[in-house]
Amino acid sequence: MSLARLLPPDLAERAALAAEVHARPSEPLTAPARASHVAVLVDPDERAQELAHLRKLCRHYQIAQPAEGDQQWSGTLGHLRLTWERHGEFSAYTLLAAGRSTPPFVQTAVALLPEGWLAGVPGFTVQACHAEILHADEEFDLPALQQAAFAGNAVIGSALGDGVALACSDFRLHADGFGRFLLADRGMDPLLAGRMLQRLFEIESYRMMALLAFPVARRLAPRIQAIEKSLAGLTDDIARSGDDSRSDEALLQPLTRLAAEVESGLSASQFRFGACRAYAELVRTRIDELREQRLAGLQTIGEFMARRFTPAVATAATVSQRLHDLSERVSQASHLLSTRVDIAREQQNHALLASMDRRARQQLRLQQTVEGLSVAAIVYYLAGVVGYMLKGGEALGLPFNTPLIVGASVPMLALLAMLAVRRARRHAHEPGSD
């Protein structure tokens with residue numbers, strides 16, 4: 001018997017969103033144990049190749065393979081437990097094996113993988129570390145382990161989880177290319193031990209991902225300084241140029257070039273700087289989740305990160321802010337210079353219009369003068385025609401006084417000519433007249 005549905009239709013993403021809080025669970029862990037963790041920076045074009053490489057390993061051990069679109073997979077490979085997680089930019093491989101190595105880190109978890117498989121994973125290694133999980137009361141002799149596990153390097157460590165575990169590391173890469181962690185169990189249950197180890201691995205992975213912005217910041221710093229110097233010089237030139245529009249227009253080209261250079265730097269770096277801020281926040285969150293307590297004579301992980309990691313993140317943040325400030329300053333200078341050039345052009349246009357207006361008035365006066373001369377010419381021509389007509393009448397014997405009649409007709413002829421010229425001019429100014 002089917003139950004009637006009590007809810008409206010589900011949002012398409014509802015199930016995935018509800019399951020997100022349960023994504024990437026930690027593997028339960030019991031001391032003694034060995035673990036290895038590798039974070040690989042994977043190009044989006046290599047994702048299919050990465051999945052095929054993982055499926056090849058599954059076929060070798062004849063176990064279920066990850067499905068297309070999976071973001072996480074776990075499987076047992078003989079005496080080894082492998083967890084694969086796909087993150088936004090990188091993929092993480094965590095390997096767990098029971099038992100300890102004597103001396104520490106000689107027989108690691110990755111040694112149980114088929115030869116050459118890990119080296120064939122697509123992408124570039126961004127972080128790799130081993131961990132040894134020991135019983136604290138029996139095996140955690142810190143001075144002896146410092147020499148045996150960390151080659152005598154200075155150790156950073158603390159009590160975790162309100163004292164239920166001890167952890168230490170030198171945060172250095174050793175000869176095999178891996179970092180090293182020691183985690184001592186002082187009463188953790190398997191799930192808590194798995195979470196503690198996962199947090200330690202994530203601190204290292206997110207720390208390295210955040211620090212990818214540091215080389216970018218160092219490369220950009222001299223470039224930003226050069227742009228700031230050039231901008232200061234251009235700003236001084238703008239201040240000195242006064243009302244010289246030609247100088248302003250000449251300054252627009254180098255200012256535009258600076259703006260393009262700044263925007264190029266922004267577009268090339270802002271994703272990396274934004275990712276740095278996000279990863280650094282994750283590092284701080286994971287350190288807080290450790291709930292550290294100080295061990296005598298050791299610097300805590302939080303203190304070590306505050307002294308060594310936080311300044312690098314601050315450098316990246318400062319360079320990012322300098323780029324944004326520089327972009328704003330270049331934009332303001334460009335706007336100021338463009339405004340001055342526009343005002344100068346408007347003044348030139350105003351002067352040009354005034355000159356055109358003067359020429360139009362001069363042309364009008366010239367036209368009126370020509371019209372007056374035209375009227376005189378027309379009157380002279382018409383008076384001549386009248387005179388010829390009268391002389392013709394005299395030749396026929398008519399009693400005409402030609403000079404008198406011609407002289408009397410001149411005013412009337414002038415009036416008619418003026419009316420004709422005015423009418424023609426008015427017709428020429430009517431809309432639609434050609």
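Quick look at the numbers
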{"quantity": "Members of region 88-124 that are surrounded by 15 or more Cβ atoms within 10 Å (Cβ to Cβ) and within 32 Å of the chain's Cα centre (by Cα)", "calculated": "Glu89, Phe90, Ser91, Ala92, Tyr93, Val121, Pro122, Gly123"}
{"quantity": "Number of positions in region 141-163 that are among the aliphatic types (A, V, I, L, M) and at pLDDT below 90", "calculated": "7"}
{"quantity": "Residue that is assigned to a helix (DSSP H, G or I), touching a residue at least 60 places away in the same chain (Cβ under 8 Å) and touching a Pro at 6+ places or on another chain (Cβ under 6 Å), where the choices are Leu191, Leu282", "calculated": "Leu191"}
{"quantity": "Tally, over region 58-110, of residues that are aromatic (Phe, Trp, Tyr) and in a loop (DSSP other than H, G, I, E, B)", "calculated": "1"}
{"quantity": "Some residue of region 1-20 being outside any helix (DSSP H, G or I), among the hydroxyl-bearing types (Ser, Thr, Tyr) and without any contact (Cβ under 8 Å) to a residue 40 or more places away in the chain", "calculated": "yes"}
{"quantity": "Verdict on Arg100 being under 28 Å from Ala144 (Cβ atoms) and either outside the structural domain of Asp185 (by TED's automatic domain parsing) or of a type in the set (Lys, Arg) (or both)", "calculated": "yes"}
{"quantity": "Tabulated pairs, region 120-131, first free of Cβ contacts under 8 Å to residues at least 12 places away in the same chain, second basic (Lys, Arg) and surrounded by fewer than 23 Cβ atoms within 10 Å (Cβ to Cβ), C-beta under 7 angstrom, 6+ apart or interchain", "calculated": "none"}
{"quantity": "Residue within region 154-169 that is of a type in the set (Ser, Thr, Tyr), touching a helix residue (DSSP H, G or I) at 6+ places or on another chain (Cβ under 7 Å) and either over 24 Å from Glu27 (Cα atoms) or assigned by TED's automatic domain parsing to the domain that holds Ala98 (or both) present", "calculated": "yes"}
{"quantity": "Region 130-140 - residue that is crowded, with 17+ Cβ neighbours inside 10 Å and outside any strand (DSSP E or B) and, of those, modelled with the highest pLDDT", "calculated": "Ala136"}
{"quantity": "Search result, residues across region 106-124 that are of a type in the set (Val, Ile, Thr) and farther than 20 Å from Ala33 by Cα", "calculated": "Val121"}
{"quantity": "From Gln147, Gln127, residue being more than 23 Å from Met188 (Cα to Cα) and either surrounded by 18 or more Cβ atoms within 10 Å (Cβ to Cβ) or touching a helix residue (DSSP H, G or I) at 6+ places or on another chain (Cβ under 9 Å) (or both)", "calculated": "Gln127"}
{"quantity": "Failed item, numbered, when Leu3 is tested on (1) at pLDDT below 95; (2) in the same structural domain as Pro143 (by TED's automatic domain parsing)", "calculated": "(2)"}
{"quantity": "Restricting region 178-191 to residues that are within 40 Å of the chain's Cα centre (by Cα) and over 14 Å from Ala159 (Cα atoms), the residue that is surrounded by the most Cβ atoms within 10 Å (Cβ to Cβ)", "calculated": "Arg180"}
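Table: residues versus (1) loosely packed, with under 12 Cβ neighbours inside 10 Å; (2) in contact with a helix residue (DSSP H, G or I) (Cβ under 7 Å, 6 or more places away or on another chain); (3) among the acidic types (Asp, Glu); (4) modelled with pLDDT of 85 or more.
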site	(1), (2), (3), (4)
Tyr279	no, yes, no, yes
Arg284	no, no, no, yes
Arg294	no, no, no, yes
Phe309	no, yes, no, yes
Gln321	yes, no, no, yes
Ser327	no, yes, no, yes
Val341	no, yes, no, no
Val375	no, yes, no, no
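The values are calculated or read from the model by the stated rules, or taken from the named source; none is laboratory data. Source: prediction; values computed, not measured. Reconstructed Cβ throughout: ideal geometry from the backbone, glycine too, with neighbour counts over all protein chains shown.
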